[in-house]
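What follows is a set of notes on a single structure, which appears directly below.
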Amino acid sequence: MDTNCRKRLRLLEITVLHGSGSRKAAEAVAWYSETANIAFATAVLMSIPVHRFIVRACPSANHPKFFAWQTALICVFVGDANSESAFTKAQNAIQKEEWLPIRAFRKDTLIERIVFDQGEEEVVAAYKEAQGGKAVLRARTDQMPMATKGRLPFMKAPRIGELFLDRVVHRAGGRRLTSDEADAQHSRNADYIVGDSVIELKDIQEEGLLVPGRQDRLAQLFGSLGRGGEYASLSPEDLSDIEWRQYMDILARPIQNQVKSAAKQIKASRNHLGKSKGGVIFLNTGYSSIPHNLFDSLVKRYCEKDTQQVDFSICISSWLLTNGFESEVFFSFSPKEGECELVMSLRNAFWLEIDLLMDSWAQEGFSQDGDLLQPMIPIAFRANSMNYSFNPPVLSSELDDGWKEVCE
């Protein structure tokens, strides 16, 4: 081998082993393949370390194939001499394929001998492809493969809204304010009259964790807590009392604002109609990342802290879980007992109307037309070089469990 060839061979080794870029490495290998020993050039290329990054993820809203409620185990193979550079490439590949991490990453540098001796055919193929400098992504969904967009439509349930609450109030002996009683020209008013009480309805349909400003504040909170790492679960389980209050203040801001708005409307209607009591009903069909009992506690807290116009509060929540094959809709009403006769009358009317709604829906063949409740989804975002997520409960399925066992 001549001197010039040896110099170029050394350049090849430096290019490949020190991460100067897969394009340069490929060009160097191509040149050497034409001028020297092809087998040796291939051996140098295969000496690039291959890193494997595994993370659980959910599809973004724009994913072309999977629904936002689905989850998957993502595995990315990256050939790169620099582990930090490899991790960046893996994250970019995940983002490009419209996936969002919902757990911490597992990181490994693979040992070639073990890969070839023990690895499955798909793993070996991905390993070899990654040695060429590529980021090779593989995804295995937690749900059966046919549970994708355009194939098996998952079942949604009717969303309860204002019209449904009109029926509940009517069954409890109340009604909506008439146009004369509303006095809309002079002020905002409450929605219902039941006995000697005026009641305002607040219909929460938006998922609060999807608001970018709220995501920014949560990222600042969890980032300032010194948790470290690249991922934080938006869960209050490990928070101190002070951190918990900060967390709740961020999540509950829209609830607090709605309580203040309701108080003004109740005051106006009480004064206009001469009623002695005021109440508020919160119907939550959107902010499902806050569990019902916590949502009810927050409403009560702000009704007691921020106003003297609200004598009683009612919280109603509805949420849907699905795995693609089965769907379950849930309803909850608080308070459950021990309140005034009016509140208990509304509670009994609510459950009677729920029974009628579900019976009617079944008789219609579980129609998927009209205003339907969307399923709970993982909520994931990235801020300040960290991934954050809220992960909802999982509706288990024997079919999905069997599918995962086959894959494993």
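Neighbours of residue 298, meaning other residues whose beta-carbon lies under 14 angstrom from its beta-carbon, give a summed charge of +3 when Lys and Arg score +1 and Asp and Glu score -1. Take the alpha carbon atoms of region 306-379, find their center, do the same for region 217-294, and report the distance between the two centers in whole angstrom. Distance between centres, Cα-based: 20 Å.
Counting neighbouring Cβ atoms within 10 Å and putting the fewest first, the residues 303, 75 line up as 75, 303. Across region 254-408, what fraction of all alpha-carbon pairs, as a whole percent, falls in each successive 5 Å bin from zero upward? With a bin width of 5 Å, the distribution comes to 2, 7, 13, 14, 16, 15, 12, 9, 6, 4, 2, 1, 0, 0. Divide the volume of the convex hull around the Cα atoms of region 52-142 by the residue count and you get 95 Å³ per residue. Full extension of the segment from residue 264 to residue 211, taken as 0.36 nm per residue of separation minus the current Cα-Cα distance, would add 16.5 nm. In this structure, the amide hydrogen of residue 81, modeled 1.01 Å from its nitrogen in the peptide plane, lies closer than 5 angstrom to those of 19, counting only residues at least 5 positions away or on a different chain.
Judged by the gyration tensor of its Cα atoms, with axes a ≥ b ≥ c, region 157-373 is oblate; a/c meets the 1.5 cut and b/c is at least as large as a/b. Rounded to the nearest whole Hz, the Karplus-based 3J(HN,Hα) values (6.51 cos²θ - 1.76 cosθ + 1.60, θ = phi - 60°) of region 328-341 follow the sequence 10, 9, 10, 10, 8, 10, 10, x, 8, 6, x, 9, 5, 4, with x at glycine and proline. Here's how it looks for residue 71: its modeled amide H is under 5 Å from those of 142, 143, which are all 5 or more places away or on a different chain. Shape class for region 176-304, computed from the alpha carbon gyration tensor (a ≥ b ≥ c): prolate, with a/c not under 1.5 and a/b above b/c.
Near residue 56, once Lys and Arg are set to +1 and Asp and Glu to -1 for all other residues with Cβ below 10 Å from its Cβ, the sum equals +1. Computed over the alpha-carbon atoms, region 283-366 gives an Rg to Rh ratio of 1.04, Rh here being the Kirkwood radius from the mean inverse distance.
Using the alpha-carbon positions of region 244-323, Rg (one decimal) and Dmax (whole number) come out as 13.9, 51 Å.
Here, each number is a calculation from the coordinates, and none is a lab measurement. Keep in mind that this is a model prediction, so the values were computed, not measured. Neighbour counts run over all protein chains shown; Cβ positions are idealised from the backbone, glycine included.
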